[in-house]
Amino acid sequence: MSDPNALEQELLGAIAAAGDEAALEAVRVAALGKSGSVSALLKTLGAMTPDERKQQGPLINGLKERVTEALGARRDVLKRATLDARLNTETVDVTLPVRESPAEAGRIHPISQVTDELTAIFADMGFAVAEGPDIETDDLNFTKLNIPEGHPAREMHDTFFFNPKPDGSRLLLRTHTSPVQIRTMMTQKPPIRVIIPGRTYRVDSDQTHTPMFHQVEGLVIDKGSHLGHLKWILEEFLKAFFEVDAVKMRFRPSFFPFTEPSLEADIQCRFEKNEVRIGEGDKWLEILGCGMVHPNVLRNCGLDPDEYQGFAWGMGIDRIAMLKYGMPDLRPFFEADARWLSHYGFRPLDLPTLAGGLSS
C-alpha cells in the first residue's frame, strides 16, 4: 500500500486490536521491521525527485512516528493488563523468607578459589599452567623421576595401583603432580616456566591427610637458573598469596630423589587463638619442598645437564588453603556439606586478581 493515510488507519486498527504483547510485536514487525510496510515506504524516498521527497518525506516520517507512539502506548496498556491479571491470580505468603537467587546462594569451593589465586600470582611472574592425567604409568610417576624399582622412596608414597596388565606392568593413580613435569620436559624445549596444579592420590586418611588431595608444583628449566631465583620466586609468591608486606623464610637441607640439592622451606608465623598469623611472630612452619632438578631427571627427559639446569617446588593446595582461611580440619573439604561450603566458600563473582586483591 503506497497511500500513507490509508496505511496509517490500517496499522492503528491492527495495533488497537492486538490482544497481547506477542500479537503487538507481530504488528510492529509487519510495519517497522526490515521488510515492513512503513519501512518499504521509507525506501521509496531515495528514488523520488527532490520535490516529491519534500512533499512525501514529512508524511511518511510522520506516519512512522505515530505508529511508533501507538505501539508504545498499546504495549503499556497490555503490560498493565498482564500485571493486573497476575496480581489477581497469584498470592504471596509474606511470612516466608525471601530465597536467594542461585547466583547469590552458590559458592565457589575454597580449593577452586585458591587454585585461581595461585594461577593469578604465577601468571603475573610469567608462568604457564601445565596439566596431565590422573592415571599414570610407573615410569612417569617414579622411574623417570629418579625413583627406580626397589627405591625406598616408593614406600613413602603409599600408591594406589591398578591390577597388573598381561605383561606385568601396572598403571597407578599419580602420587604427585611431578609426572607432568616429566611430560613437559619431554615435549617442550627450554626455557620452561610452568606451574602444575592438580589432584593427587595416596593411601592415607586423618585430620590433615586424605586419600585424594591437591598439589601445585612449579618447574623452571633454563641455562642459568639457580637457587637464588628459586628463593625469590617463593618469597614473592608467599607475600602475594598471604597478602602480607614481608615474609621471613628459612631453608633446611632435605632429601627428594628428583632434586639435588633438596630443601624444605619454613615460613615465619605466630599462633594466636587457634589461628596462624603469617609473616609475624617467632615460630616456624614448614610450607613446601623444593630443590634443583636432579641431573638424572634431566637426562631421563632428553636434556643435557651440562647445558640446562633448573629448579622445582611443590606444596599442598589444601594445606595452604587451611592456613590462609583458618580451616582446622581437612576432611570437610570433601564431605559436600552445603553448610560448610556456605561458610567457607566464595561468591561466584569474587574472582581473585592481584590488582583488586586475591581474597577481597
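Okay, here's what the table says:
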| item | result |
| --- | --- |
| Estimated Rh, the stretch 80-156: Kirkwood, alpha-carbon pairs, angstrom | 19.3 |
| For the stretch 240-253, 3J(HN,Hα) per residue [Karplus equation, 6.51 cos²θ - 1.76 cosθ + 1.60, θ = phi - 60°, Hz, x = Gly/Pro] | 5, 5, 7, 6, 10, 6, 8, 9, 10, 10, 9, 10, 10, x |
| Separation between Cα centres of the stretch 254-299 and the stretch 126-165, rounded to whole Å | 22 |
| Of every Cα-Cα pair in the stretch 138-279, the percent that sits beyond 26 Å | 37 |
| Dimensionless Rg/Rh of the stretch 121-174 - Kirkwood Rh, Rg from C-alpha atoms | 1.12 |
| HN-Hα J in Hz across the stretch 332-338 - Karplus 6.51, -1.76, 1.60, θ = phi - 60°, x for Gly and Pro | x, 4, 10, 9, 6, 8, 5 |
| Accessible surface, the stretch 224-336, averaged per residue in Å² (probe 1.4 Å) | 49 |
| Interatomic Cα distance distribution for the stretch 243-360, bins of 5 angstrom, percent | 2, 9, 14, 15, 16, 15, 12, 10, 6, 2, 0 |
| Part-to-part distance (alpha-carbon centres) for the stretch 50-67 and the stretch 183-241, which is given in Å | 72 |
| Chain lengthening between Phe251 and Val203 when straightened (0.36 nm per residue, less Cα-Cα) | 14.4 nm |
| Nonlocal amide H pairs with Arg347, under 5 Å, H built at 1.01 Å | Ile108 |
| √(5λ) per eigenvalue of the Cα gyration tensor, the chain, largest first, Å | 66, 28, 22 |
| Simple spin-label estimate for Ala338 and Glu286 in nanometres, 7 Å along Cα-Cβ | 4.0 |
| 18 Å reach of a label modelled at Ala128, 7 Å along Cα-to-Cβ, counting backbone N of the stretch 146-180 | 178-180 |
| Rg and Dmax of the stretch 1-98, Cα atoms only, in Å | 19.0, 70 |
| Listed residues Asp51, Asp138, Asp167, most fluctuating in the chain (Gaussian network, C-alpha, under 10 Å) | Asp51 |
| Global geometry of the stretch 144-217, whether rounded, prolate or oblate, following the gyration tensor of its Cα atoms and the 1.5 cut on a/c | oblate |
| Solvent-free Debye scattering, log10 I(q)/I(0), computed from the Cα coordinates of the stretch 204-258 at q = 0.13, 0.20, 0.28 Å⁻¹ | -0.54, -1.04, -1.15 |
| Accessible-area composition of the chain, carbon plus sulfur, in percent [1.4 Å probe] | 53 |
| Segment Ala22-His229, length gained on full extension (0.36 nm per residue, minus Cα span) | 67.9 nm |
| Solvent accessible area, Å² - Glu69, 1.4 Å probe, full protein context | 130 |
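The values are calculated or read from the model by the stated rules, or taken from the named source; none is laboratory data. Bear in mind that the values here come from a model prediction, so they are computed numbers and not experimental data. Cβ atoms come from the backbone with ideal geometry, glycine included; neighbour counts cover every protein chain shown. Heads up: the accessible areas ignore ligands, DNA and RNA and are worked out on the full protein's heavy atoms, side chains in. Shrake-Rupley method; radii C 1.70, N 1.55, O 1.52, S 1.80 Å.
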